[in-house]
1. What accessible area, in Å² to the nearest ten, does a 1.4 Å probe give for K59?
2. Give me the accessible area per residue for the chain, probe 1.4 Å, as a whole number in Å².
3. Once the other residues with Cβ under 13 Å from the Cβ of G113 are scored (Lys, Arg +1; Asp, Glu -1), what is the net sum?
4. Quick one: Cα centre-to-centre distance for region 199-228 and region 113-149, in angstrom?
5. Which angle from 0 to 90°, rounded to the nearest 10, does the C-alpha axis of helix 7-24 make with the longest principal axis of the chain?
6. Just round it to a whole percent: the fraction of Cα-Cα distances in the chain exceeding 26 Å.
7. Output the pairs from K11/K85; K11/K59; K52/K85; K11/K52 with a Cα-Cα distance over 18 Å in this structure; if there are none, say none.
8. Based solely on its DSSP helices, what 222 nm [θ] is calculated for the chain when runs of n ≥ 4 H residues each add -39,500 (n - 2.57) and the sum is averaged over all residues, nearest 500 deg cm²/dmol?
Amino acid sequence: MIERYSPGLNKRRLGRLLTRFRKEANLTLDDAAQLLYLSRSGLNRLETGETKVNVHVLKSMLDLYEIGGDRWPALIEMALHAREKGWWHEFGPGVAGAYVDFETEAEEILAFGLATMHGLLQTSGYSRALLRRFYRGRRDIDELVERNIALGMARQERLDAERPLQLKVVLDEAVLIRPLGGQDVQAGQLAHLAEAVERPSVEIRVLPLAQVHPGLQGAFSIMRFPRDMEEPDVVYHQYPFNEQFLDNPEQIGRFHRLFRELWSEALSQEDSIELFRRHAEL
């Protein structure tokens, strides 16, 4: 599998490290900006990951903060990755980018699906039916749909990588019942779910339709990153016509508690698999 990088994540990580280096050098934001011939707001945007770091500016910063030369190559590589176009751009305009950016280097995803199947679990038939509904009325609908399906299949390669993405998903039973694309497509999707959980890295549980649960306000995903990145979790929360990324520790804690509650209230994986098969036969 081709190694892929997240420009957004590298930009955030580098900004966080530069902030730490400045503080360890006992420099205020104003002091450092003056010594680097940058505006205070410009340096602040670099530290918060809002803007990309020029390699020449990065070297000046590392020199000012007295960072050992043995650490420079990894930091420069991080800056270069942050300046790259996201790998998903190869699939052309009109494909999802912001979410895929974070997903690319996530180590584990904890997700709750209320209305539709999680993208990493969708068959091409299910994706096509969903996307054709989403892009209805567009003149370039056929091209848009096929590009997004190709991206989705590329994203799913992470589940079979040498170090696979760990995926834990809770689904509302309504997702299993809604016949997107017709009964045959839905039956194929449910059979795919039963096969997906044969991977040791994938766990899926279902919340029965008759059960009132605390996730009725919307779907979300919690993305967790390798520990050596020292990168906080990111929560992706979906709304009609909008999406939101959260990294505030208090908000992240609330979503973790919500996921644990949903996970504990859901059917076991064995009972969930039985439910997949039962709905596929309807």
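The values are calculated or read from the model by the stated rules, or taken from the named source; none is laboratory data. The structure displayed is predicted, hence computed values, not measured ones. Cβ placement follows ideal geometry from the backbone for every residue including glycine, while neighbour counts extend to all protein chains displayed. The accessibility values were calculated without ligands, DNA or RNA, using every heavy atom of the protein model including side chains. Shrake-Rupley method; radii C 1.70, N 1.55, O 1.52, S 1.80 Å.
1. About 80 Å², ignoring ligands and nucleic acids.
2. Accessible area per residue, the chain: 54 Å².
3. Neighbourhood net charge equals +1.
4. Rounded to whole Å, the Cα centres lie 21 Å apart.
5. Value to nearest ten degrees: 40.
6. Tail of the P(r) past 26 Å holds 51 percent of the pairs.
7. none
8. Mean residue ellipticity, 222 nm, calculated: -14500 deg cm²/dmol.
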